[in-house]
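For reference, the structure is listed below as structure tokens.
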Amino acid sequence: MCAARSRPFFLSLGTVTGERVPVTINGEPVEFDAPGFKGQFHVIHDTGNEPGAVKPPPDGQRKGLMVQFQGKFKKTASMGQENSTNIWAGGTLDGELNLGWIMSNVAKVGANFAKKKTGGRFVIDLGSKTSPCFMGFHIRALMCFNRTPEGEEPPKLGSEEVENIAWAGPGLLEVDTTSTYTFVWRVAYLDLCTWELLKVPAISPLPLESVLGEIKSGCACIYDLGHCGGSHANFRESLILEIFFARGSEGEEWPQPAISQLEFDDSPKTPLEAASDASEEGSQPDPEAEGLVNDDEASDSDSTQDSEEDDEIDQDEEALRALSKSHSQ
């Protein structure tokens with residue numbers, strides 16, 4: 001049974017013609033031709049709050065929200081410093097954030113948590129009256145990917161092979177225009193049906209309207225930071241793919257997908273996914289995830305430095321708990 005907060009939501013993809021291609025949640029992959037990428041797009045939403053929800057596996061673990069897309073880039077990627085070039089994934093909202101003091105601090109502490117978990121491959125701007133908010137990650141900090149050389153058969157979207165694509169670690173994404181690229185984005189922190197933030201230590205589940213107010217639409221994007229002058233605000237100048245989102249209203253009809261029994265998800269995890277799992281296990285940092293995040297940092301860091309970083313994360317989680325408690329009073 002769907003939760004009382006559950007509402008339909010709608011996704012569509014921007015195309016080179018200006019038209020939008022609708023995506024059926026838990027349906028078949030759809031074909032699209034975006035400004036910088038052409039291929040197929042597939043979305044799985046399995047939290048138990050969507051239409052036609054399947055029974056969870058015996059251990060109760062569901063797949064959550066998973067975005068998969070596959071195809072070919074139309075242009076090679078810029079190469080250089082990770083924080084100023086290469087492929088990034090981000091998003092913005094349709095409207096101005098009206099955060100109070102407490103929620104502003106929750107957002108800042110959460111941003112510090114994300115930066116540490118991704119090794120600094122993260123940016124956030126809470127926006128203003130004249131500019132929208134924006135959040136972005138280097139694509140390899142956020143997604144798992146696979147490259148299939150020209151002439152070989154890529155894995156099928158929705159298959160176990162795609163779901164089990166391993167996280168390749170940090171670094172630049174080398175792009176050519178002949179290979180087929182398959183991306184998997186496991187969004188551990190959102191339930192788009194109930195409109196809640198999940199798995200963030202001390203504050204989840206958190207209704208998004210307590211943070212966003214009445215904002216219920218926006219877009220996600222894939223872009224090349226080096227091709228837009230190193231400015232995230234100019235992402236549309238180097239747009240590769242744009243995904244539009246809108247939450248439905250109470251009483252609206254859901255899309256009508258036909259979904260089958262989903263298998264247990266034992267796929268490899270990115271640092272953010274590993275961090276979300278750790279938060280559900282008493283909010284303890286995941287040693288393996290910490291190691292993955294720090295692979296591209298000083299390899300000779302001693303155990304004392306690792307312990308200090310873990311302490312900082314614990315302090316952030318304590319700060320989140322304190323802010324959350326004051327917000328609820």
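Throughout, read-outs are computed from the coordinates displayed, never taken from laboratory work. No experiment lies behind these values; they were computed from the predicted model shown. Glycine also receives a Cβ, built like all others from the backbone with ideal geometry; neighbour counts cover every protein chain displayed.
Numbers below:
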| quantity | calculated |
| --- | --- |
| Descending semi-axes in whole angstrom, ellipsoid equivalent of the stretch 149-244, from the Cα gyration tensor | 30, 21, 13 |
| Entries in Lys74/Lys108; Lys115/Lys216; Lys38/Lys216; Lys55/Lys116 that, when Cα-Cα distance is taken, lie over 30 Å | Lys74/Lys108; Lys55/Lys116 |
| In sequence order, calculated HN-Hα J values of the stretch 18-27 (Karplus, 6.51, -1.76, 1.60; Hz; x Gly/Pro) | x, 7, 10, 9, x, 10, 8, 5, 6, x |
| Rounded to whole Å, sorted largest first: equivalent-ellipsoid semi-axes of the stretch 93-212, Cα gyration tensor | 33, 17, 14 |
| Gain on full stretching of the segment that runs from Thr177 to Arg236 - 0.36 nm per residue minus C-alpha separation | 19.2 nm |
| Lys38-Trp101 FRET efficiency (beta carbon distance; Förster radius 35 Å; 0.05 resolution) | 0.15 |
| Rounded Å value of the spacing that divides the Cα centres of the stretch 190-208 and the stretch 101-120 | 15 |
| q = 0.13, 0.22, 0.23 Å⁻¹, the stretch 1-103: log10 I(q)/I(0) [Debye, one scatterer per Cα] | -0.74, -1.20, -1.23 |
| Per-pair calculated FRET efficiency, R0 = 22 Å: Gln61 and Ala4 via Cβ, rounded to 0.05 | 0.45 |
| Extended-chain gain in nm, criterion 0.36 nm per residue less alpha-carbon gap, Thr15 and Glu161 | 49.8 nm |
| Length gained when the stretch Glu209-Lys115 is fully extended (0.36 nm per residue, less Cα-Cα span) | 31.5 nm |
| Neighbourhood net charge (10 Å Cβ-Cβ; Lys/Arg +1, Asp/Glu -1) for Lys72 | 0 |
| At R0 = 25 Å, FRET efficiency that the Cβ-Cβ distance of Glu253 and Glu31 yields, to 0.05 | 0.50 |
